[in-house]
Amino acid sequence: MTDPLDLPLLAEYATYHSDKRNRLCHEIGIPLIVLGIVVALRLVHYGAVDLATVAILATSFYYARIVGGAAVNAIVGFVGLYAIATLFAWPFAIAFFAAGWVLQFVGHYFEGKSPAFLTNLVHLLVGPLWISLLVGSRQTAR
């Protein structure tokens, strides 16, 4: 089976994230950004369904389409972030989102490259998947 990190979209994303400090900033910052988004989207309801659930399901299907079963780590991460998001109100959404983006730009300062999404907006969706695959590959290498 092909390593999902070798797929063209993910390999392209990786070229913007070769510096260890940048990757560390992303490993913290991307989950913070996603958490901020999930906290905010939980506030938008249609009956019993909130927009965070819809966004997580749609993104999970997209990830599964790209990398198949390797998307499980990212999906589990989304579920965990959703559970954490239930503990916070909207002002935290702004704080998490802003702190996450600060870390992204600090990381890209270390990298010396602009963020990948400036060349391809799909990279905004790819970031959380890439981080989960990166962390997962380190776990299996142990």
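What follows is calculated from the coordinates using simple rules that are stated; it is not laboratory data. What you see is a predicted model, and the numbers here were worked out from it, not measured in a lab. Note that each Cβ is placed from the backbone with ideal geometry, even for glycine, and that neighbours are counted across all protein chains shown.
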Semi-axis lengths (Å, descending) of the ellipsoid that matches the C-alpha gyration tensor of the chain: 24, 19, 13
Most mobile listed residue (SER132, SER18, SER60) in the chain, GNM with C-alpha springs under 10 Å: SER18
From the Cα centre of segment 73-142 to that of segment 41-65, the distance in Å is 17
Computed over the chain, the relative contact order (Cα-Cα under 8 Å, seq sep at least six) in percent reads 42
Comparing LEU81, LEU125, LEU41 in a Gaussian network model of the chain (Cα, 10 Å), the one with the largest mean-square fluctuation is LEU125
Divide by every residue of the chain the summed helix terms, -39500 (n - 2.57) for each DSSP H run of at least 4, and state the resulting mean residue ellipticity at 222 nm, rounded to the nearest 500 deg cm²/dmol. -24000 deg cm²/dmol
Neighbourhood net charge (12 Å Cβ-Cβ; Lys/Arg +1, Asp/Glu -1) for ILE56: 0
How far apart, in nanometres, would the label points at ASP3 and LEU24 be if each is projected 7 angstrom from Cα along the Cα-to-Cβ direction? 2.2
Quick one: which residues, 5+ away or cross-chain, put their amide H under 5 Å from the amide H of ASP50? H built at 1.01 Å from N. none
Expected max-MSF residue from ARG42, ARG23, ARG65 in the GNM of the chain (alpha carbon, under 10 Å) is ARG65
